[in-house]
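The values are calculated or read from the model by the stated rules, or taken from the named source; none is laboratory data. This structure is a prediction, so every number in the text was calculated from the model and none was measured. Here Cβ is always computed from backbone atoms with ideal geometry, including for glycine, and neighbour counts include all displayed protein chains.
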Amino acid sequence: MLLGGLSAEREISLKTGAAVVNALHKGGYNAVAVDVDRGLAAKLAAQGIDVAFIALHGRYGEDGCVQGLLEVMGIPYTGSGVLASAVCMDKIAAKQVMLHHKISTPKFCAAGDGAKPVKLKFPPLPFVVKPASQGSALGVSIVRARSAVDAALSSARQFGGAALIEEFIKGRELTVSILNGDALPIIEILPNEGFYDYTAKYTKGAARFVVPAALGRACNKRVITEALGAYTALGCAGAARVDVIVDADNRPYVLEVNTVPGLTELSLFPRAAASAGLDYPALVEEMLLGAGLNK
């Protein structure tokens, strides 16, 4: 079990990892928690790891880096391979792939790391600014006035690299959990305030969830088609979660694909699995048994 790591999402990874280790122990597996740092290769060799269950979020864990190390060491691992992990972590690259495959996604432009001033063509207000390579809604802002642009860009860039500037789609927030190529019931997310930001994600009672989402048959089919299309186009494997917005005309737009979805008590993936009749231990085991497939 690889958990912790070096990213801003370390604390969430520790919670996910602890829950997974507990489930694996209950299932009779000899699971060992490995806190990921720059000495990971030596730790893996010393522990004699047979299979790696990746519970890392963010940079150096979800972006293909650890996946590449495991490939070199010949250790099978859960989730997507090196390329899919790297592309999905880079929201700009992922959106370019989605556009090529005609997957609906909000219009966007990219702002560099701030080293050189660039004249940008911003979308109409309001619009969204987020780090290009970060998860858990960290550094995300909804810009409603031109005077707030610089602060939003600074907030996004504090996580390093470029910022993604994206058209704001007003609509219903949905997520589609996909396990080994099969879509689980869609979840609608209803934050108590604002949007589904870091606080809403990890504060109990800060949001409500409807699963399965009440979308109607035609809309439900469109959402799943777009989500599976993104999962396939990006080369994902194992478990992934696709975040989608549906506008007032029931048109779905894929926002991003998470290749290492959270598995804490508040996470969305286990909720979707439970709705499909897959309890937490069974979900974890299914993910583990898929390690090394489709890489």
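Just give me the residues in the stretch 6-35 being buried (at least 19 other Cβ atoms within 10 Å of the Cβ) and at pLDDT below 90, in sequence order. Those that are buried (at least 19 other Cβ atoms within 10 Å of the Cβ) and at pLDDT below 90: Ser7, Ala8, Glu9, Ile12.
Can you find a residue that is modelled with pLDDT under 95, over 27 Å from Met1 (Cα atoms) and over 16 Å from the mean Cα position of the chain (by Cα) anywhere in the stretch 217-224? Spell out the reasoning first.
Here is the first cut: in the stretch 217-224, the ones modelled with pLDDT under 95 are none.
No.
Restricting attention to the stretch 80-96, the residues that are over 20 Å from Val254 (Cα atoms) and crowded, with 19+ Cβ neighbours inside 10 Å add up to 1. Is there a residue being at pLDDT 90 or above, of a type in the set (Phe, Trp, Tyr) and either crowded, with 18+ Cβ neighbours inside 10 Å or closer than 30 Å to Gly238 by Cα (or both) anywhere in the stretch 120-132? Scanning the stretch 120-132, I find at least one residue that is at pLDDT 90 or above, of a type in the set (Phe, Trp, Tyr) and either crowded, with 18+ Cβ neighbours inside 10 Å or closer than 30 Å to Gly238 by Cα (or both), so the answer is yes. Close contacts from the stretch 1-18, counting a first residue that is more than 19 Å from Ile75 (Cβ to Cβ) and a second that is assigned to a helix (DSSP H, G or I), with Cβ to Cβ under 9 Å and a gap of 6+ residues or different chains, come to Ser7/Ser13; Glu11/Tyr202; Ile12/Lys201; Ile12/Tyr202; Lys15/Tyr202.
Scan the stretch 57-67 and give yes if some residue there is in contact with a strand residue (DSSP E or B) (Cβ under 7 Å, 6 or more places away or on another chain) and surrounded by fewer than 15 Cβ atoms within 10 Å (Cβ to Cβ), otherwise no. Scanning the stretch 57-67, I find no residue that is in contact with a strand residue (DSSP E or B) (Cβ under 7 Å, 6 or more places away or on another chain) and surrounded by fewer than 15 Cβ atoms within 10 Å (Cβ to Cβ), so the answer is no. Screening Ile245 with (1) farther than 15 Å from Lys95 by Cβ; (2) in contact with a Phe, Trp or Tyr (Cβ under 8 Å, 6 or more places away or on another chain); (3) in contact (Cβ under 8 Å) with a residue 60 or more places away in the chain gives one miss only, at (1).
Scan the stretch 69-90 and give yes if some residue there is out of contact with any strand residue (DSSP E or B) (no Cβ under 7 Å at 6 or more places or on another chain) and under 21 Å from Gln158 (Cβ atoms), otherwise no. Within the stretch 69-90, one or more residues are out of contact with any strand residue (DSSP E or B) (no Cβ under 7 Å at 6 or more places or on another chain) and under 21 Å from Gln158 (Cβ atoms).
Select from the stretch 266-278 the residues that are of a type in the set (A, V, I, L, M) and either over 21 Å from Gly4 (Cβ atoms) or not in a loop (DSSP other than H, G, I, E, B) (or both) and list them in ascending order. First the steps, then the outcome.
Initial filter on the stretch 266-278 (of a type in the set (A, V, I, L, M)): 266, 268, 272-274, 276, 278.
Leu268, Ala272, Ala273, Ala274, Ala276, Leu278, listed by residue number.
What residue, among those in the stretch 217-265 that are outside any loop (DSSP other than H, G, I, E, B) and among the small types (Gly, Ala, Ser), is surrounded by the most Cβ atoms within 10 Å (Cβ to Cβ)?
Ala230
The criterion of at least 3 residues that are within 16 Å of Val284 (Cβ to Cβ), outside the structural domain of Ala227 (by TED's automatic domain parsing) and under 16 Å from the mean Cα position of the chain (by Cα) is met, among helices (runs of 4 or more DSSP H) falling completely within the stretch 1-105, by 10-26.
Just a yes or no: is a residue in the stretch 155-174 farther than 30 Å from Val82 by Cβ, surrounded by 16 or more Cβ atoms within 10 Å (Cβ to Cβ), at pLDDT 90 or above and of a type in the set (A, V, I, L, M)? Within the stretch 155-174, one or more residues are farther than 30 Å from Val82 by Cβ, surrounded by 16 or more Cβ atoms within 10 Å (Cβ to Cβ), at pLDDT 90 or above and of a type in the set (A, V, I, L, M).
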